[in-house]
Amino acid sequence: MDRTIVEKIISNHLAEGKMEVGQEIALKIDHTLTQDSTGTLAYLEFEAMGVPKVKTQLSLSFVDHNMLQNDFRNPDDHRYLQDVAAKYGIVFSRPGNGICHQLYLERYAQPGLTLLGSDSHTPTAGGMGMIAIGAGGLDVAAAMAGEPFYLEMPSVLGVKLTGKLAPFVSAKDVILQVLKELTVKGGVNKILEYYGDGVETLSVPERGTIANMGTETGATTSIFPSDETTKAFLSGQGRENQWRPLKADDGAQYYQTLDIDLGNVEPLIALPHSPDNVKPVSEVEGLPVDQVCIGSCTNSSLRDLKIVSALLRGKKVSENVSLTISPGSRQVLQNLAATGELEPLIQSGARILENACGPCIGVGQAPTSEGVSLRTFNRNFKGRSGTQDAKVYLVSPETAVASAITGKITDPRKLGRYPEISLPEKFVLSDSMFIDPAIKPTNTVRMGPNIKQLPSFTPLSDRLTGEVLIKVGDNVSTDDILPGGTDIMALRSNIPEISNYTFCRIDQAFASRALKKKGGFIVGGENYGQGSSREHAALSPKYLGVKAVIAKSFARIHMANLVNFGILPLTFTDKNDYEGIAMGDMLDLDVKELSDQLELKNQTKGSTIKVTLNLSTLEKGLVKAGGKLAAIKLKQAKKS
Ligand code: MIC
Ligand code: SF4
């Protein structure tokens, strides 16, 4: 039978289940990756599983998020991660090496393999023809312990690319076009598989950009074929032997298709405060800009910074604009330096930052009050930049440069001639910032005082009662549930402390109220928990006593995280019932039997609301047990 690329890779990695849309399947995981801000928890969880060495082909630990070292907390985390890596057989990427997804694409991604990463943008590696999925740290820890990854078999949405991009239009505009069509929830339970002759016109880093931001559609992942372009990229990275061709069979069937003629794509921009609020740049041209930030795992590859360099050559950044550039990796920086392409960036007045996430996650470079900030990043949720009333717009590197030069939002096609750039046949390579665990294994793991052991939780009670602690609207992101930024991120290894910040940007009193009321319920709208994979957004509410979240619908990773930490994710059977619950209402739910349909009693209103529990038997077992860690520990203990 003719198959899609997704079906080919999944069937090669199927550990349990049937490859039928909507069925629970278990996937064998070849590689894992973590980054520091989700990694400390993932490794505490892994250590709690009692496995002496990772069981994957390759596991990597990157440090790229919490890079500021204002006090001991972040550096202590870095040291802990380095020790854990050396002890358990994990490759460690030192702080300053670059952003995990960029580095992984350059040095480790391989067509045909599976990758599970504790970061929602793990799908970037789909640009290399991999099934690369973002998950909570506990799921990644389980994969390192040799467990398969469980998910609902997604449907495959075929995105057919034809034609060729016009000058000044690039991969970011393509994914913004996709977001415009699919919105931030159109990709849920889907994998976006790209095909068609337009694919050949895109380099691997450009495919990476598109796959990266597929995350914003809610998709499980995105994937591109592996072709001659992939081979050339791997060869440039000295890894040609890792190439294999991969494409969908001619008669492969997609569940749904989306056609994009690359020639018709124009420069696009996502307006505040959602990545799917997409308009043509020409519609918002002329708006004065205070800040432009180039970088993040979406747009910091050598391809992107080469075009930025070519467009900035001989130009000056507007005196009203602060332009920052964060290269995706040390390799990108070295290659720019080797060809003289770093010079125009310096000359233009750009502020060159460390090779890290930086402004993307609110670590530095907060915009001015009510400032307009244009960013080549993937998320523009309110407040994520560090300035609550700033307005963040998402754009391509081309639009970013044009606007940085003129000081206002500018269609890059006005810049004149589009420079020709190409990737080197052989990249300048240096792997000195990766530490191979085989070279210096250790048994000592040093933990600073800010790293606290994981709280443990009791099994689910038969009856859940309590108040509605908060009621929120649609598309609430994990940045709303537990924000990023330097102050809060420094507490990622300390659950009791970080839980005090739960919902702090929406409702300052949430944490104290939850503790005072001894827990209760959260009520949410559509796509609750979109965005980051941070399991803190489930673990902190759990720590504060939250028993269940009742929403119109959930984002995939967050829902899995809720299950992993023993919080019931319930959906309204009739979405109109959302209106029938208010904050402060007293709820009562009998969960002795975790059936698919449950009756929620609203004691305050005297009403009964039907709610749905859309979980597999396995997942129900995890929630009952008080979370996945308890369940895995039990399984490992039985094995040994
Ligand atoms: C993000 O972009 O929001 C992050 C920070 O990379 C997160 C991970 C985290 O919260 O640590 C993600 O995307 O998963
Ligand atoms: Fe880092 Fe931003 Fe990418 Fe998240 S989205 S991994 S914070 S660069």
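Coordinate-derived values only; no laboratory data. Since the structure is predicted, the reported quantities are computational estimates derived from the model, not experimental observations. Cβ: placed from backbone, ideal geometry, glycine included. Neighbour counts: every protein chain shown.
Figures for the structure shown
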quantity: Viscosity 1.306 mPa s, temperature 10 °C, Stokes-Einstein D of the range 435-569 from Kirkwood C-alpha radius, µm²/s; calculated: 101
quantity: Shape of the range 569-640, Cα gyration tensor, a/c cut at 1.5; calculated: prolate
quantity: Burial order of peptide ranges 82-89, 495-502 (average beta-carbon count within 10 Å, highest first); calculated: 82-89, 495-502
quantity: Nitroxide proxy distance, nm - points 7 Å out along Cα→Cβ at residue 637 and residue 232; calculated: 5.7
quantity: P(r) of the range 310-445 over all Cα-Cα pairs, binned every 10 Å from zero, in whole percent; calculated: 11, 34, 32, 16, 6, 2
quantity: Rg in Å to one decimal, and Dmax rounded to a whole Å, for the range 176-249 via C-alpha atoms; calculated: 13.4, 38
quantity: Dipole axis of the range 171-276 (+1 Lys, Arg; -1 Asp, Glu on Cβ), positive-most option in 212, 182, 192; calculated: 212
quantity: On Cα atoms only, tilt of 204-214 relative to the major axis of the chain in degrees; calculated: 30
quantity: Dipole of the chain, positive end: most advanced residue of 320, 359, 86 [Cβ charges, Cα centre]; calculated: 86
quantity: Cα centre as origin, Lys/Arg/Asp/Glu Cβ charges: the range 331-411 dipole, Debye; calculated: 340
quantity: Check: the chain dipole with +1 on Lys, Arg Cβ and -1 on Asp, Glu Cβ, in debye; calculated: 1340
quantity: Around residue 25: net Lys/Arg minus Asp/Glu count, Cβ-Cβ under 12 Å; calculated: -3
quantity: Leading residue at positive end of dipole, the range 393-470 (Cβ point charges), from 460, 401, 443; calculated: 401
quantity: Distance in nm between pseudo-label sites at residue 500 and residue 432 (7 Å out along the Cβ direction from Cα); calculated: 4.2
quantity: Rounded to 10°, Cα long-axis angle of helix 73-88 versus longest principal axis of the chain; calculated: 90
quantity: Whole-Å semi-axes of the ellipsoid equivalent to the range 29-172 (Cα gyration tensor, √5λ, descending); calculated: 28, 20, 12
quantity: Efficiency of FRET between residue 58 and residue 579 - r from beta-carbon atoms, R0 60 angstrom, step 0.05; calculated: 0.75
quantity: FRET E, pair residue 616, residue 319, Förster distance 56 Å, beta-carbon r, rounded to 0.05; calculated: 0.45
quantity: Flagged links, alpha-carbon separation over 21 Å, of 28/440; 190/542; 575/605; calculated: 28/440; 190/542
quantity: Shape of the range 235-350, Cα gyration tensor, a/c cut at 1.5; calculated: oblate
quantity: Whole-angstrom gap from the range 42-94 to the range 478-493, using each part's C-alpha centre; calculated: 19
quantity: Where only C-alpha atoms are counted, convex hull volume of the range 194-233 per residue in Å³; calculated: 64
quantity: Pair-distance profile P(r), taking every C-alpha pair of the range 298-347, with 10 angstrom steps and integer %; calculated: 27, 56, 17, 0
quantity: Stokes-Einstein diffusion coefficient of the range 219-275, Kirkwood radius over Cα pairs, 20 °C, 1.002 mPa s, in µm²/s; calculated: 142
quantity: Net charge contributed by nearby residues that have their C-beta within less than 11 Å of residue 466 (K/R +1, D/E -1); calculated: +1
quantity: Order by protection proxy (mean Cβ within 10 Å, highest first), peptides 49-59, 241-251, 204-214; calculated: 204-214, 49-59, 241-251
quantity: Segment residue 439-residue 68, extension gain: residue separation times 0.36 nm, minus the distance between their alpha carbons; calculated: 130.7 nm
quantity: Net +/- balance of residues flanking residue 367 in space, Cβ distance below 13 Å, scoring K and R +1, D and E -1; calculated: +1
quantity: Order by protection proxy (mean Cβ within 10 Å, highest first), peptides 181-188, 19-26; calculated: 181-188, 19-26
quantity: Rounded, prolate or oblate (a/c below 1.5 giving rounded, otherwise prolate when a/b exceeds b/c) for the range 440-516 by Cα gyration tensor; calculated: oblate
quantity: Kirkwood Rh and Cα Rg combined as Rg over Rh, evaluated for the chain; calculated: 0.95
quantity: Total charge dipole magnitude, the range 411-489, about the Cα centre, Cβ charges on Lys, Arg, Asp, Glu only, Debye to nearest 20; calculated: 220
quantity: Centre separation in Å (Cα based) which lies between the range 392-424 and the range 168-225; calculated: 20
quantity: For the range 5-41 versus the range 268-346, the gap between their alpha-carbon centres in whole angstrom; calculated: 34
